[in-house]
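Worksheet: the structure to be examined is printed underneath.
Derivation of every value follows stated rules applied to the coordinates shown; laboratory data play no part. What you are looking at is a predicted structure, and each value in this text was computed from that prediction instead of being measured. Cβ atoms come from the backbone with ideal geometry, glycine included; neighbour counts cover every protein chain shown.
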Amino acid sequence: MNFKLSQIPDRVKKPRTNGITMIMDKGLSLEEAKNLISAAHPHIDIIKLGFGTAYVTPNLREKIDLYQSLDIPVYFGGTLFEAFLIRNQFNDYIQLCKDFKITYMEVSDGSITIPHTEKCGYIEKLTKHGIVLSEVGSKDAANIMPPYKWIEQMQAELEAGASYVIAEAREAGNVGLYRDSGEVRQGLVNEILTKIPAEKILWEAPQKAQQLYFLELVGCNANLGNIAPSEIIPLEAMRIGLRGDTFNLYLDKETVS
């Protein structure tokens with residue numbers, strides 16, 4: 001950090017397995033990626049190339065190489081995995097990851113229907129090639145899963161070998177964990193946390209109010225994903241009580257004036 005302040009909460013140091021900030025790159029240019037790295041690389045843990053943007057992004061290899069040169073793992077969005085799967089190109093997907101030295105892989109079923117035992121089979125197969133993040137929850141706002149189903153699927157996917165389960169919210173933060181207004185389904189979240197360890201859940205939280213909710217609930221080392229590149233520094237400040245929303249979270253009231 002640039003100077004000393006007391007009463008700052010302890011952030012897990014990089015490389016982190018907890019307190020992760022996952023950034024969504026929806027098609028940054030190579031120059032924009034360089035600017036992103038210059039501005040915020042100490043606070044970026046993982047970068048997701050959102051949905052299927054990797055297919056149409058110019059200078060893709062150069063950008064991935066840039067991120068990986070700073071030991072920032074990159075992975076393709078789950079929608080791209082589904083696009084390969086529905087075309088019967090699962091082995092091609094594995095080869096794609098190898099070609100780009102991608103060692104993080106997302107398994108999701110937000111756009112297509114995959115029997116859950118089959119989904120767990122794909123997770124198990126991909127663990128032989130890298131770290132798997134599996135996404136739970138539908139991108140369809142009309143398909144509201146009951147809490148027990150979230151828990152069952154998360155438990156099964158972790159048992160299949162997923163390192164993290166991603167709690168679905170979409171890029172806008174208005175499905176899955178959230179109502180269409182962006183409001184957190186608090187009962188759902190609290191029930192999930194009775195069975196699934198918080199350090200194993202990556203909460204998609206693109207909106208500031210959603211990020212704040214999980215920081216207050218889980219603490220400064222909550223795993224947060226789908227963060228916009230422009231929000232990395234503001235989020236890190238909010239994590240440690242240096243934004244108005246969290247200013248009083250970590251202060252010892254007896255030692256401050």
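If you take the beta carbon distance between residue 113 and residue 30 as r and set R0 to 41 Å, what does 1/(1 + (r/R0)^6) give as a FRET efficiency, to the nearest 0.05?
Details: r = 37 Å, r/R0 = 0.89.
The value I calculate is 0.65.
Let's see if you can work this out: charge +1 on each Lys and Arg Cβ, -1 on each Asp and Glu Cβ, no other charges. What is the dipole magnitude of region 116-257 about its Cα centre, in debye to the nearest 20?
Numbers: 14 positive and 20 negative charges, 20 e Å.
The dipole magnitude comes to about 100 debye.
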Restricting to Cα pairs under 8 Å and 6 or more apart, the percent relative contact order of region 14-82 works out to 36
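Largest first and in whole Å, what are the equivalent-ellipsoid semi-axes of the chain based on the Cα gyration tensor, each being the root of 5 times an eigenvalue?
Numbers: eigenvalues 174, 109, 48 Å².
The three semi-axes for the chain are 29, 23, 15 Å.
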At the level of C-alpha centres, the distance separating region 69-137 and region 1-30, in angstrom, is 25
The size of the Cβ-based charge dipole (Lys, Arg +1; Asp, Glu -1) of region 181-257 about the Cα centre, to the nearest 20 debye, is 100
Subtracting the Cα-Cα distance of residue 248 and residue 69 from 0.36 nm times their residue separation yields 60.7 nm
For region 168-174, in residue order, the Karplus 3J(HN,Hα) values (coefficients 6.51, -1.76, 1.60; θ = phi - 60°; whole Hz; Gly and Pro = x) are 4, 9, 6, 5, 8, x, 9
Helix 147-159 sits off the longest principal axis of the Cα atoms of the chain, rounded to the nearest 10 on a 0 to 90 degree scale, by 70
Rounded to the nearest 10 degrees, the helix 208-218 long axis (Cα) sits at an angle to the longest Cα principal axis of the chain of 80
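Mind ranking 173-179, 63-69, 37-43 by how tightly packed they are, going by the mean number of other C-beta atoms within 10 angstrom, highest first?
Details: 173-179: 21.7, 63-69: 17.9, 37-43: 14.3.
Most protected by this proxy first, the peptides run 173-179, 63-69, 37-43.
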Measuring from its Cα centre, the chain shows a charge dipole (+1 at each Lys and Arg Cβ, -1 at each Asp and Glu Cβ) which, in debye to the nearest 20, is 360
Here the gain from full extension of residue 11 to residue 129, 0.36 nm per residue of separation minus their alpha-carbon distance, amounts to 39.5 nm
For residue 106, other-chain or 5+-apart residues with amide H closer than 5 Å (H placed, Pro excluded) are 76, 133
Calculated from DSSP helices alone, with each H run of at least 4 adding -39500 (n - 2.57) and the total divided by the residues of the chain, [θ]222 nm to the nearest 500 comes to -10500 deg cm²/dmol
If one compares the long axis through the Cα atoms of helix 90-99 with the longest principal axis of the Cα atoms of the chain, the angle in degrees, nearest 10, works out at 60
